[in-house]
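Everything below concerns the one structure shown next.
Since every read-out is calculated from the coordinates, none of them should be taken as a lab result. Everything numeric in this text was worked out from a predicted model, so none of it was measured. Counting neighbours? That spans all protein chains shown, and the Cβs are built from the backbone with ideal geometry, glycine included.
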Amino acid sequence: MDICQLMDTVDEYQPNAVLHMSARSKVLITGATDGIGQLAAIELARLGADLILTARNERKAEATLKLIEAAAPNTAVDVVYADFSDLGSVVAAGRTIAARHPDINVLINNAGLHAFQQRVTKDGFAEMIAVNYFAPWLLTMTLRETLVRSPYARIVTVASEASRRSGAFDFEADLLDTTPFTARGSSRVYGRSKLLDIMFSMELARQLKGTGVTVNCLDPGFNVTSLGRELGFSGPLARILKWLRIGDPVRGAGIIVRLASDPEFGVETGLYISVRNAKTLTPIAPANSDDKCRQLWVFTAAILDRFLKNNEGRVRKS
């Protein structure tokens, strides 16, 4: 891990940008114990932020804390454990965070998964849709009042250009689809989950316009860490890809840091930003339709409202 390289990459996007986190800004990052989330957390700590991290794995969380301590010794870090495939755990984590932290300046929805086969969660949802879409939706909604109350808060969601491989789909049916797929077919399902993230971000930006909260999403480029649960050799593969100059987690982390700290993105909202040059991308249909984004929101809210009503007791115990 080369933190100097990360800073060089961040500067590359806008050489004149002043990147800083003012007055110990508080940043919540999901999926921050490896890959681009971990790199972004370390750099945001170096820029002056205090951190709230969600984690599944205690060992990885402890290793991440040591890296942050080495890079930015004065950083306050709160780790909240949650399994994003368990939506009750996600809501419970959100409530815990809201109770501990009355102000959150930046929420970075980074946690994600690319599964090579269909797995159904204990809640009955397709795992990739649950982890990549329902979980950040629920976490953000659980923290919505906290974010609106915090001055000039930002919500940053890690999407992907894999969304362009999602194919046509029916919101109401496909949000609940648990049909098996092969490793080859997994790209379409993963892309669909990331298209949903873009649509979520666009509609939330519309809803929060005028509140002072900005909502943007980004393409981090290809990164092997989202495959980590599927590939036992993801570490060696990442090194090979780096040698071949295919994918670059440092660049992916750099654009996350940029959206979380650059003054420009404290004003601009409703954007989908490219890792290549920090320019605005135009998402594919139906993410380019306000009406479709609104329609998706209604379907999602109905599904998750029903889930919460049926599982409130379990959520409280999580």
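Can you tell me how much longer the chain between Ala63 and Gln207 gets when fully stretched, taken as 0.36 nm per residue apart minus their C-alpha distance, in nm with one decimal?
Details: separation 144, 0.36 × 144 = 51.84 nm, distance 3.78 nm.
Once the chain is fully extended between Ala63 and Gln207, it gains 48.1 nm.
Roughly what would the spin-label model give for Leu176 and Leu308, points 7 Å off Cα along C-beta, in nm? Here the answer is 1.9 nm between the modelled labels.
Descending by average beta-carbon neighbour count within 10 Å, the peptides 52-61, 195-204 line up as 195-204, 52-61, the highest first. Of all aspartates and glutamates in the structure, those lying under 16 Å Cα to Cα from Lys122, and not within fewer than 8 positions of it along the same chain, are Asp83, Asp86, Asp177, Glu312.
Quick check: residue separation of Glu264 and Thr282 times 0.36 nm, minus the Cα distance between them. What number comes out in nm?
Details: separation 18, 0.36 × 18 = 6.48 nm, distance 1.87 nm.
The span from Glu264 to Thr282 would gain 4.6 nm if fully extended.
Step through the table entries Lys26/Lys309; Lys209/Lys292; Lys194/Lys292; Lys26/Lys292, compare each Cα-Cα distance with 21 Å, and write down the pairs that go over it. Cα-Cα > 21 Å for Lys26/Lys309; Lys26/Lys292; rest within. A protection proxy built from the mean count of other Cβ atoms within 10 Å ranks the segments 113-124, 179-190, most packed first, as 113-124, 179-190. All C-alpha to C-alpha distances of the stretch 74-186, sorted into 5 Å bins beginning at zero, yield P(r) values of 2, 11, 18, 22, 18, 12, 9, 6, 2, 0 percent in whole numbers. A simple packing score, the average count of other Cβ atoms within 10 Å per residue, orders the peptides 266-278, 132-144 as 132-144, 266-278, with the highest score first.
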